[in-house]
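Below you'll find the structure, written out as structure tokens, and then a few comments.
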Amino acid sequence: MSRILIGDDDRELCALLAEYLRREGLQVDVVHDGEAVMARLRDATLRPDLLILDVMMPGRNGLDTLRDLRAQYRLPVIMLSGRGEPVDRVVGLELGADDYLSKPCLPRELLARVRAQLRRHTVESVGMLTAGVLRLLPGERRAYAGDQELNLTGAEFALLLILVQRAGEVIDKTSLTRVALGRELERYDRSIDVHVSRLRHKLAEASAQSPRIDSVRGAGYVLIPPSGASA
């Protein structure tokens, strides 16, 4: 049974979401501030498989909590925000959130996002994939550029995996959203663009010989291995 942690100071909403998710066969814990979230993550016996994190909380807010936890943990994170501003979504994704929902949200939609992220986090064990100096170990969910391990979120790993599997092929954003986020592309949705931007930065920082991810206007993205390298 997958363990879900909800970090939100809206106790009524937490009770509603927790009850719904439990009825769907998930183990759910609830805390109401960022410090409590970090305490749960530090305890290996209580650490969740997925975190649902509210942006606006007293004390350490959700964005600060996300920034801190991403330095240590790779678990999938779905952000919730009552403001629903596009800038909040982009900032959350840039800090390492895997997905984002505006409040109020339908429990059924949240469940679909949770299940999608849990699926993304359970990649079938296949052989090592390479693209130049880039190496992916899907069974271990690890990626390396040369000798440098990349610190990737679940969505970033899933996105990089499909780009490497289909290196040299332009993949549209609709397909990338389905694979990396487990949902359909929404109107004005820039989630994939933000994830690609973070991937580009991490690849370049890890190795100057890393393959690049090119944008093809109106079409999507393509991974280009260094000249002479094969995927």
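One table, with the values for the structure above:
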| read-out | value |
| --- | --- |
| Kirkwood Rh, Cα atoms: Rg over Rh of the range 68-191 | 0.97 |
| Candidates per trypsin sites (Lys or Arg not before Pro) in the range 171-231, loop by DSSP, up to 15 other Cβ within 10 Å | R187, R190, R217 |
| Accessible surface, the chain, averaged per residue in Å² (probe 1.4 Å) | 47 |
| Tail weight of P(r) past 20 Å, computed on alpha-carbon pairs of the range 1-82, percent | 23 |
| The chain - Kirkwood radius from inverse mean 1/r over Cα pairs (Å) | 18.1 |
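The values are calculated or read from the model by the stated rules, or taken from the named source; none is laboratory data. Being a predicted model, the structure only gives us computed values, none of them experimental. Cβ coordinates were reconstructed from backbone atoms using ideal geometry, including for glycine residues, and neighbour counts include every protein chain displayed. Quick note on the areas: whole protein, heavy atoms, side chains included, nothing else; ligands and nucleic acids left out. Shrake-Rupley method; radii C 1.70, N 1.55, O 1.52, S 1.80 Å.
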